[in-house]
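Encoded as structure tokens, the structure appears first; notes follow it.
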Amino acid sequence: MITIYGRVYSRAPRVLWAAEEIGVPYEHVSVDHKTDEVLQPEFLAMNPNGKIPVMVDGDVTLFESMAINFYLATKYGEDLLPNSAHDHARALQWTFWGALSDRNYLLEDRFTLADLNLASIFALYKFIGPALADLLDAYPNVRGWLDDRCLARPAYKKVMAMEPPPADLLHLHAAAS
């Protein structure tokens, strides 16, 4: 079974979300990246950087959320992978730099890993406060893509329900409001 280490309100949700979208069984181990938990020898043996997320799949141990997601999609979830080499490269492009104008999804006419990876970053706007929300209002195509086509997905909602938001994110949201 796959084990995914990390907190829901970190970079780990994009990995948990990918696992949910794919439907692969996994165990989630909540590891707090803001404590010395990630500096313990057992954790550093999995990721010498002392960061989350980390994924263990049998003999394979990976860190860095984007690498983990491409691994999961390649091994278990071809539906999240683009159909051509050109679009695969574009998925990498959009994963590392994104914008949205005249389409429903970043690459194709369907949800792919590029959408998941970028939306997981934008999802924090709900906690950053009105400034980013106002910015998204200026781009209705981006707002529709994010709220209506990405964050409304059942797999994303399931992941976000795993843990309550940490107090520091709630405090940030309250201060920004």
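Bear in mind that the values in this text are calculations on the coordinates, not laboratory data. As the structure is a prediction and not an experimental result, all values here were calculated from the model. Note that we place each Cβ from the backbone using ideal geometry, even for glycine, and neighbour counts take in every protein chain shown.
Given a 10 angstrom Cα cut-off, can you work out which residue in V60, V159, V38 is the most mobile in a GNM of the chain?
V60
Count the lysine pairs in the chain whose Cα atoms lie under 23 Å apart, taking only pairs 8 or more positions apart in sequence or on different chains.
Values: K34/K51; K34/K126; K75/K158; K126/K157; K126/K158.
For the chain, qualifying lysine pairs total 5.
Rank L116, G77, T35 by how far each Cα sits towards the positive end of the charge dipole of the chain (+1 on Lys, Arg Cβ; -1 on Asp, Glu Cβ) and give me just the farthest.
L116
Read phi for every residue in segment 17-25 and hand back ³J(HN,Hα) as whole Hz from Karplus 6.51 cos²θ - 1.76 cosθ + 1.60, θ = phi - 60°, with x for Gly and Pro.
Once θ is set to phi - 60°, the couplings for segment 17-25 become 4, 4, 4, 5, 4, 6, x, 7, x Hz.
Taking R0 as 41 Å, what FRET efficiency do you get between V24 and A167 from their Cβ-Cβ distance, rounded to the nearest 0.05? Let's see the in-between values first.
Details: r = 32 Å, r/R0 = 0.77.
Computed FRET efficiency for V24 and A167 comes out at 0.85.
The chain: D in µm²/s via Stokes-Einstein (Kirkwood Rh, Cα pairs, 20 °C, 1.002 mPa s)? Please list the in-between numbers first.
Details: Rh = 16.9 Å.
Answer, rounded: 127 µm²/s.
Dipole magnitude of the chain about its Cα centre, charges +1 at Lys/Arg Cβ and -1 at Asp/Glu Cβ only, in debye to the nearest 20? If you can, show how the numbers build up before the last one.
Details: 15 positive and 23 negative charges, 53 e Å.
So the magnitude is around 260 debye.
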